[in-house]
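Peer 1: Got a structure here, written out as structure tokens. Questions coming.
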Amino acid sequence: MARDLEMLIKDIEAEAKAFGPEAVKRNEEFQARYAFANQLIEARKARGLTQKQLAELSGIEQPMISNYERGRGNPTLETMTVLSRSLGGRGVSLLS
């Protein structure tokens, strides 16, 4: 399964390159958004928190946290920092 996913990602990257710099940029943004979503989910679950509990700790509404975890929305640096600190991190790295 992981191998198939790796191949799919390589195919998508190659296709983006074929379409040009704008497509490469959009693909990189897409990957960054989902990397953040994955880190947020992992960090929250590692600390045994629900989205509602994280919302209470961070002051960020639960529906927004849900959006971020689904790769939707565009959190600001300030929002990412607040989430990180609420999860025990020291800055924007959610896993530190």
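Each value in this text was obtained by applying a stated rule to the coordinates, not by laboratory testing. Quick caveat, the model's predicted, so the values are computed rather than measured. A quick note on method: Cβ atoms are made from the backbone with ideal geometry, for glycine too, and the neighbour counts reach across all protein chains shown.
Peer 1: Obtain the nm distance between the two label points defined at residue 22 and residue 62 by a simple spin-label model: each point lies 7 Å from its Cα along the Cα-to-C-beta direction.
Peer 2: 4.1
Peer 1: Quick one: if the Förster radius is 22 Å, what FRET efficiency do residue 77 and residue 52 give, using the C-beta to C-beta distance and rounding to 0.05? Can you show the working numbers first?
Peer 2: On the way: r = 24 Å, r/R0 = 1.10.
After rounding, the FRET efficiency stands at 0.35.
Peer 1: Something else now. Going through region 10-85, which trypsin sites (Lys or Arg not before Pro) have at most 12 other Cβ atoms within 10 Å and a DSSP loop state? Spell out each step's value before the answer.
Peer 2: Working: sites: 10, 17, 25, 26, 33, 44, 45, 47, 52, 70, 72, 85; in loops: 47, 70, 72.
Those satisfying the criteria are 70, 72.
Peer 1: Sticking with this structure for a sec: Which one of 53, 16, 68 is farthest out on the positive end of the charge dipole of region 15-96, using unit charges on Cβ (Lys, Arg +1; Asp, Glu -1) and the Cα centre as origin?
Peer 2: Most positive-ward Cα: 53.
Peer 1: Another one. Under 18 Å from the Cα of residue 10, which aspartates and glutamates turn up, not counting those fewer than eight places away in the same chain?
Peer 2: The reachable aspartates and glutamates, counting only those whose Cα sits under 18 Å from residue 10, are 22, 28, 29.
Peer 1: Tell me the angle of helix 21-46 to the major Cα principal axis of the chain, expressed in degrees between 0 and 90 and rounded to the nearest ten.
Peer 2: 30
Peer 1: Same structure, new question: Straight distance only, please: which aspartates and glutamates reach the Cα of residue 52 with their own Cα at less than 17 Å, same-chain residues fewer than 8 apart left out?
Peer 2: 42, 61, 69
Peer 1: A further question follows. Given the chain, what whole percent of its Cα pairs are spread farther than 21 Å? Mind dumping the intermediate values first?
Peer 2: Details: 1806 of 4560 pairs.
When every Cα pair of the chain is considered, 40 percent fall beyond 21 Å.
Peer 1: Between 0 and 90 degrees, rounded to the nearest ten: what's the tilt of helix 77-86 against the longest Cα principal axis of the chain?
Peer 2: Roughly 50 degrees, rounded to the nearest 10.
Peer 1: Note down the magnitude of the dipole of region 1-57 about its Cα centre, charges +1 on Lys and Arg C-beta and -1 on Asp and Glu C-beta and zero elsewhere, to the nearest 20 debye.
Peer 2: On the way: 10 positive and 10 negative charges, 66 e Å.
Taking the Cα centre of region 1-57 as origin, the dipole is about 320 debye.
Peer 1: Working from Cα positions, state the angle (0 to 90°, nearest 10) between the long axis of helix 2-19 and the longest principal axis of the chain.
Peer 2: Approximately 60 degrees, to the nearest ten.
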